[in-house]
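Below is one structure; the comments refer to it alone.
No value in this document is a laboratory result; all are computed from the given coordinates. Keep in mind it's a predicted model, so treat the numbers as computed, not measured. Don't worry about glycine lacking a Cβ; one is built from the backbone with ideal geometry, like all the others, and counts go over all protein chains shown.
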Amino acid sequence: MTHYPLPKLGLCEPCGQEIRLRKTGALYAHGCAGDGEAPYTVLAPTFARWLHSHAARRDDRTNRITNLAQMEFRGCTRSPHRTPADVAWKTAEELHARLHQVQLQRTGSEIRQPYDGQRCDRRCRDVERASAVYAELVATTRPSPPWNCAHCKRTITGTGHTWFGPIPGPGQDWGGGAKYHLSRAYPDCRRAGGQPS
Ligand SMILES: [Zn+2]
Ligand SMILES: [Zn+2]
Ligand SMILES: [Zn+2]
C-alpha cells in the first residue's frame, strides 16, 4: 500500500488551521495572513494527522489507507470535510473504539458484522493495517535532537516544538541549516531568523 511519510504540520496563528510546512519550516500558502510565516507551533504527527494527509489522494479504490482516510474525513460527498481537529480520536486505538461506539449508538450492539456475529469488520481491519504502517513510520523516523539557537547560541529547550528553520527532506540530515528560537519570549532570535516579530 502506498502511503505518505509522517506529515510536517504547523499551527497557523492568524487562522488557527493546521497547515503543511515548507522545507524552510514556514507555512505553505493557504490564502491567509500566515502564508510563509513560521508556525505558532509545530504539530505532532499523530495517527489522525497522518491518516488525514491521505484524504485528498485519488487511489481510494485500490488503497485501503486512502479509502479509510476518506471515510473518516470526507464521509459522503455532500458533508463538509473534517480535519483532525474535528474528530474525537487521535490514535488508531481511539478510532477503532469509536467505530464500535458508533455501531452501538446505531444498532444497540458493538458487533459490526451482525450476520455472522463478528465484532470487527473490514473497516476495523483497515484501521489495524493503517496503524501498523504508522507505527513503522514512527519507529523509523528520526526525531530531532535539541539544537542550539543560531542567534543566541543557547540550547533550545521546552516542550512541544520550539524552533524554526529549514526542515530536511527525506533522507537529508536534520543537522543542516540554522535553527532559531521559535518562542515569542525570544524576539531577538525570531528577528535574527527572519521572522517579522
Ligand atoms: Zn492561516
Ligand atoms: Zn473492531
Ligand atoms: Zn535564541
Open item on the list: Per residue of region 126-133, what does 6.51 cos²θ - 1.76 cosθ + 1.60 with θ = phi - 60° give for ³J(HN,Hα)? Whole Hz please, x for Gly and Pro, Karplus curve as stated.
Closed with: 4, 4, 5, 5, 5, 4, 5, 5
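How much length would be gained if the chain were fully extended between residue 136 and residue 192, taking 0.36 nm per residue of separation minus their Cα-Cα distance, in nm to one decimal?
So the chain would gain 16.4 nm between residue 136 and residue 192.
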TODO: Return the FRET efficiency for the residue pair residue 106, residue 61: r is the Cβ-Cβ distance, R0 is 25 Å, and the value is rounded to the nearest 0.05.
DONE: 0.45
Task: Dipole magnitude of the chain about its Cα centre (Cβ charges: Lys, Arg +1; Asp, Glu -1), debye to nearest 20 - done: 220 debye
Open item on the list: From the helices alone, meaning DSSP H stretches of at least four residues, give me the mean residue ellipticity at 222 nm for the chain, per-run term -39500 (n - 2.57), in deg cm²/dmol to the nearest 500.
Closed with: -9000 deg cm²/dmol
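Full-extension gain between residue 185 and residue 85, please, as 0.36 nm times their residue separation minus the C-alpha to C-alpha distance. Mind dumping the intermediate values first?
Numbers: separation 100, 0.36 × 100 = 36.00 nm, distance 2.68 nm.
Gain on stretching residue 185 to residue 85: 33.3 nm.
Over the chain, what relative contact order in percent results from Cα pairs under 8 Å that are six or more residues apart?
17 percent
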Task: Acute angle (nearest 10 degrees) that the helix 92-107 long axis makes with the longest principal axis of the chain, alpha-carbon atoms - done: 40 degrees
TODO: Rank by packing, highest mean first: peptides 111-118, 90-97, 42-49, 147-154, with packing defined as the count of other Cβ atoms within 10 Å averaged across residues.
DONE: 42-49, 90-97, 147-154, 111-118
